[in-house]
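Below: the structure, in structure tokens.
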Amino acid sequence: MEYTVQKLGRLAGISTRTLRYYDEIGILKPARINSSGYRIYGQDEVDQLQQILFYRELGLSLDHVKEIMTSPTWSKADALKQHHAQLLDKRRQLDLLITNVENTIASAEGRKTMTDQQKFAGFKQKLIDDNEQKYGQEIREKYGDVAINQSNAKLKNMTQEQHEELTRLTEKLYGTLAEAVKQGDPGSELAQTAAALHKQWLTFYWSDYSKEAHAGLAQMYVSDERFTAHYDEKQPGTAEFLRDAILIYTGQSES
């Protein structure tokens, strides 16, 4: 079956403007243009649009989606299996939060007692699951399963006081880093303070710290576009600046 832009938009629940934009950026081209100048989409394009919307639902940028789907190693079947696994993870995360809310209601009504740790268990598990979904493969290859499992366990067992301290530290780290980037010198006192704060931040997650591992993580912030996008969201170049500041702080050379 073939579809015009309007019909495909209604079928998928998206606007015709979105479909035209997908055509413009080369992520979803119509099968053909008919004699009246209308875009016509066939079954292959319908399936391709479904994949795009799956990726978008999982939070991927259009640039990342395009990179994935135009890769010569991309497989529709493998992509569907991956989508299925990621959606199951999201459902498990929601189930954890739902259970947490239900237990909190029961606690408020006097039907059960919750420890402070239990009150935040669902949020911590969600953070762990989100990190695993986004970066799990890369960080496990780099640091090994044992180190990552220990890090996840440390986060999961964090007390409320430690969690609040981590939150304050994170805000201080990002604020200091933003000011240091404005100065432009990764070797400045402010930049080195940011690197030291980053080390302190890591100790909340890592069981063991080493300068080599710290420098390796900093390099990953630049080599992995997802980390780079996170740090560069408000100020482009922040990921590279932080990498350089950490390399100076740890005394390690760029690999």
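Show the residue pairs meeting these rules: Cβ distance below 7 Å; 6+ apart or different chains; first residue within segment 70-84 and among the small types (Gly, Ala, Ser); second residue open to solvent by less than 70 Å² (accessible area, probe 1.4 Å).
Ala79/Gln51
Restricting to segment 12-34, what's the tally of residues that are open to solvent by 100 Å² or more (accessible area, probe 1.4 Å) and out of contact with any Lys or Arg (no Cβ under 9 Å at 6 or more places or on another chain)? Before you say what the answer is, go through the steps one by one.
Looking only at segment 12-34, we keep the residues that are open to solvent by 100 Å² or more (accessible area, probe 1.4 Å), and these are 17, 21, 24, 29, 32.
After this cut, where a residue has to be out of contact with any Lys or Arg (no Cβ under 9 Å at 6 or more places or on another chain) as well, the list is 17, 21, 24.
So the answer is 3.
Are any of the residues in segment 230-240 out of contact with any Phe, Trp or Tyr (no Cβ under 8 Å at 6 or more places or on another chain) and aliphatic (A, V, I, L, M)?
No, segment 230-240 contains no residue that is out of contact with any Phe, Trp or Tyr (no Cβ under 8 Å at 6 or more places or on another chain) and aliphatic (A, V, I, L, M).
Let me confirm something: among Leu11, Leu80, Leu49, Leu28, which residue is at pLDDT 90 or above, over 21 Å from Arg226 (Cβ atoms) and within 23 Å of the chain's Cα centre (by Cα)?
Answer to the check: Leu49.
Among the polar types (S, T, N, Q), closer than 20 Å to Lys76 by Cβ, at pLDDT 90 or above and open to solvent by 30 Å² or more (accessible area, probe 1.4 Å): is that true of Gln6 in this structure? It would help to see each step written out before you state the result.
Numbers: among the polar types (S, T, N, Q): yes; closer than 20 Å to Lys76 by Cβ: no; at pLDDT 90 or above: yes; open to solvent by 30 Å² or more (accessible area, probe 1.4 Å): yes.
Spelling it out, it is not the case that Gln6 is among the polar types (S, T, N, Q), closer than 20 Å to Lys76 by Cβ, at pLDDT 90 or above and open to solvent by 30 Å² or more (accessible area, probe 1.4 Å).
The values are calculated or read from the model by the stated rules, or taken from the named source; none is laboratory data. This structure is a prediction, so every number in the text was calculated from the model and none was measured. Neighbour counts are summed over all protein chains in view; Cβ atoms, including those assigned to glycine, are modelled from backbone coordinates with ideal geometry. Surface areas here come from the heavy atoms of the whole protein model, side chains and all, with no ligands, DNA or RNA. Shrake-Rupley method; radii C 1.70, N 1.55, O 1.52, S 1.80 Å.
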